[in-house]
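Below is one structure; the comments refer to it alone.
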Amino acid sequence: MRKMLAAAVSRVLPRVAPKPASRMLGAAGTFADNATFDIKPCELYRLEEGPPATAVLTREEGLKYYKTMQMVRRMELKADQLYKQKFIRGFCHLCDGQEACCVGLEAGINPTDHVITSYRAHGLCYTRGVSVRSILTELTGRRGGCVKGKGGSMHMYGKYFYGGNGIVGSQTPIGAGIALACKYKGNSEISLTLYGDGAANQGQVAEAFNMASLWKLPCVFICENNLYGMGTATDRAAASTEYYKRGHFIPGLKVDGMDVLCVREATKFAADHCRSGKGPIVMELQTYRYHGHSMSDPGVSYRTREEVQTMRSKHDPIMLLKDRMLAGKLASADELKDIDADVKKEIEDAAQFATTDQEPPLEEIAHHIYKDNPPFEVRGANPWIKFKSVS
Amino acid sequence: MAVVSALVRRPLEQVSGLLRRRFHRTAPAALQVTVRDAINQGMDEELERDEKVFLLGEEVAQYDGAYKVSRGLWKKYGDKRIIDTPISEMGFAGIAVGAAMAGLRPICEFMTFNFSMQAIDQVINSAAKTYYMSAGLQSVPIVFRGPNGASAGVAAQHSQCFAAWYGHCPGLKVVSPWNAEDAKGLIKSAIRDNNPVVMLENELMYGVAFEFPPEAQSKDFLIPIGKAKIERQGTHITVVAHSRPVGHCLEAATVLSKEGIECEVINLRTIRPMDVETIEASVMKTNHLVTVEGGWPQFGVGAEICARIMEGPAFNFLDAPAVRVTGADVPMPYAKILEDNSVPQVKDIIFAIKKTLNI
């Protein structure tokens, strides 16, 4: 653990400074149009070459990534607050700390590519285009939720976003199936199939790897390794913690998941690999969650507070991007503060709606059992309680 | 000269043939189709009709199907549409679900439904529940099919009936064909349905041939999911069954008819959503009910029918308690004498009917 942290710290600092040669003054005069940064080279498995070791970040991209990551961060923190206030019930798995993953992935693919993940899905749900308002309102179980309050934290869906899946690892073969559909239709779309370090030990993941490789499915398998499967550290659960090699016959990349640019470049590389018909690829994103496994887990019984603090203070993905943008003269501190304020307001507004919106009408209880079905009767808690089900 | 006479001879033969035919009139032989061929036909027609339909499972392609149900399909449609999978039920069921979510219409074959237990999470949690959880955003137009229930001599791990397990879950449709017509009509409806449908076939029925009515020969022949069929009208007792036992019930009915007992035999065809109305209407006419199934008694299809009859208008028309005929409450044994007594036989059905009628 300490070795990983030391290595991580040593690579963060020099990469903040942009390469001087490529700095260009923009029309505004004060800010550069773009800057180039060194990013940590990915460790490669069964690959001759990998993603580039530098990334160009434009001012526009930087501002967008910054805002998006802040939105995810604040949204998750708001969810934490709402959960403690008992507006959110049941399971709530937060991804703060892992913002570079969802934002970086989205930056590396097309909106018409397909994404599926586990229950730690709020961030990806947002980056895939579902509004914060409808996410928070789904968490509070109101009718304005993105799935009308029927799904909750673990079952949010959107266009080209297949959830939100509650059963550990089950999304992995599903994601391979989505890739099969892409190949079948011949549309050059790909499937990003995310799973965690805990899920990596599921048998169905190996089955998905086998079939995806056999049939050369355009599937990017992405292991979000946040070092703990619930309360179990990776080395207590996996005989091999080199998750990017666990695809065995599938090439793999180990990616710095705290660096949005590293994630973006690796995703582009992986997407290219799949689109060119080479079959699946595995990406391991080394990342960290600040919260425990879920809101029921304080997250300190199996890791030290110091470790969490160190990750926050030295590896925070938003801080890393901010430092780069300032060093590269892509934005000013005040400008970023303004974005922070905008984000805060947007989240507050969304939370306000989420806590005041009405619960779904009782009639909703029986709808959406079947699609394209004539209406039928559904039984309630006793034979006299009957609900009408509409598709 | 020879050519001209040949030209003339043919039509003459045809004319005389016609004349001959008028004098020796026989009914055309009814078309006999096995259940296997009916399912094959149904899948073939749907594969042809919609290019989003495809079949995957173990041995479905190059082997022509473990039970030859998919015979000829790989030759006709190729690797893209007929896919041999490794022995990875959980994996390929999940893959099939993903493909359905992304817009294709997969038919996922389980070599037998016993192996579906490996994949049951994908069937229930990923397929059945998704349309509901997503409030209608994400549908899963998938068919899971394969042989279900007892076969012959395959012992405990290969003989379980899953009608009750799958029939339990909202979001799924579950169908259970008996004859060839059922098989074709239901597989076609299942494939065209935009919901996850489980089709429970029966290995012992695959080779059985049935008369195929003309309407069943149409490429658009569909049997509605959720509707039972009265196979035999009767007045004294309602006998409800699904799958292979329907045949046993009809045999029992024939035997009993000689004794003046007329059984109304209902072929459920669909386990979920169950057509309780047809059963109720029948019970209100006959005042007696026996259910017959191959599965175990506890929490089974018959148990559900009895509960629903009790809760509905037909209860007041019962002159005797409803009775279930089921598989024996044991894991399926191997030895023939034990196996024979572990599945409902015609004599067991007759006995139950007579007991119910107090004869």
*Just for region B:112-144: of the residues that are open to solvent by 20 Å² or more (accessible area, probe 1.4 Å) and in contact with a Gly (Cβ under 6 Å, 6 or more places away or on another chain), which one is farthest from the other protein chains (Cβ to nearest Cβ)?*
B:129
*Filtered residue count, region A:361-381, keeping only those that are facing chain B (nearest Cβ under 9 Å) and open to solvent by 30 Å² or more (accessible area, probe 1.4 Å)*: 6
*How about region B:145-154: which of its residues are open to solvent by less than 20 Å² (accessible area, probe 1.4 Å) and either at positive phi or assigned to a helix (DSSP H, G or I) (or both)?*
B:146, B:149
_Condition met for residue A:272 (assigned to a helix (DSSP H, G or I), within 23 Å of residue A:127 (Cβ to Cβ) and free of Cβ contacts under 8 Å to residues at least 12 places away in the same chain)_ = yes
*In the list A:252, A:177, which residue meets the criterion of being away from chain B (no Cβ under 14 Å) and open to solvent by less than 10 Å² (accessible area, probe 1.4 Å)?*
A:252
*asked:* Suppose we keep only residues that are crowded, with 23+ Cβ neighbours inside 10 Å and not β-branched (Val, Ile, Thr) within region A:201-210. Which one would you say is farthest from the other protein chains (Cβ to nearest Cβ)?
replied: A:209
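Which one is farthest from the other protein chains (Cβ to nearest Cβ), of the residues in region A:180-200 that are assigned to a helix (DSSP H, G or I) and in contact with a helix residue (DSSP H, G or I) (Cβ under 6 Å, 6 or more places away or on another chain)?
A:200
Going by the conditions given, is residue A:277 open to solvent by 10 Å² or more (accessible area, probe 1.4 Å) and on the phi > 0 side of the Ramachandran plot?
yes
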*Write out, first by first residue and then by second, each pair whose Cβ atoms fall under 6 Å of each other, whose residues are 6+ apart or on separate chains, and whose first residue, in region A:43-60, is farther than 14 Å from residue A:321 by Cα while the second is among the polar types (S, T, N, Q).*
A:54/A:36
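To keep it simple, each residue is scored yes or no on (1) over 23 Å from residue B:247 (Cβ atoms); (2) touching a residue at least 60 places away in the same chain (Cβ under 8 Å).
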{"residue": "B:289", "(1), (2)": "no, yes"}
{"residue": "B:297", "(1), (2)": "no, no"}
{"residue": "B:308", "(1), (2)": "yes, no"}
{"residue": "B:318", "(1), (2)": "yes, no"}
{"residue": "B:324", "(1), (2)": "no, no"}
{"residue": "B:327", "(1), (2)": "no, yes"}
{"residue": "B:341", "(1), (2)": "no, no"}
{"residue": "B:344", "(1), (2)": "no, yes"}
{"residue": "B:353", "(1), (2)": "no, yes"}
_Scope region B:245-282; condition open to solvent by less than 10 Å² (accessible area, probe 1.4 Å) and in contact with a Cys (Cβ under 8 Å, 6 or more places away or on another chain); matching residues_ = B:249, B:252, B:253, B:256, B:263, B:265
*Is it fair to say residue B:207 is surrounded by fewer than 21 Cβ atoms within 10 Å (Cβ to Cβ), part of a loop (DSSP other than H, G, I, E, B), modelled with pLDDT of 95 or more and at positive phi?*
no
*Has region A:116-125 got at least one residue that is in a helix (DSSP H, G or I), closer than 23 Å to residue A:284 by Cβ and in contact (Cβ under 8 Å) with a residue 60 or more places away in the chain?*
yes
_Answer from A:213, A:170, A:188 - the residue that is in contact with a Lys or Arg (Cβ under 7 Å, 6 or more places away or on another chain) and either modelled with pLDDT of 95 or more or buried (at least 24 other Cβ atoms within 10 Å of the Cβ) (or both)_ = A:188
*Working carefully through the options B:242, B:236, B:288, find the one that is in contact with a helix residue (DSSP H, G or I) (Cβ under 8 Å, 6 or more places away or on another chain) and open to solvent by less than 20 Å² (accessible area, probe 1.4 Å).*
B:242
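The values are calculated or read from the model by the stated rules, or taken from the named source; none is laboratory data. Since the model is a prediction, treat every value here as computed from it, not as a measurement. Note that each Cβ is placed from the backbone with ideal geometry, even for glycine, and that neighbours are counted across all protein chains shown. Ligands, DNA and RNA are stripped out before the accessible areas are found, and what is left, the full protein with its side chains, is counted by its heavy atoms. Shrake-Rupley method; radii C 1.70, N 1.55, O 1.52, S 1.80 Å.
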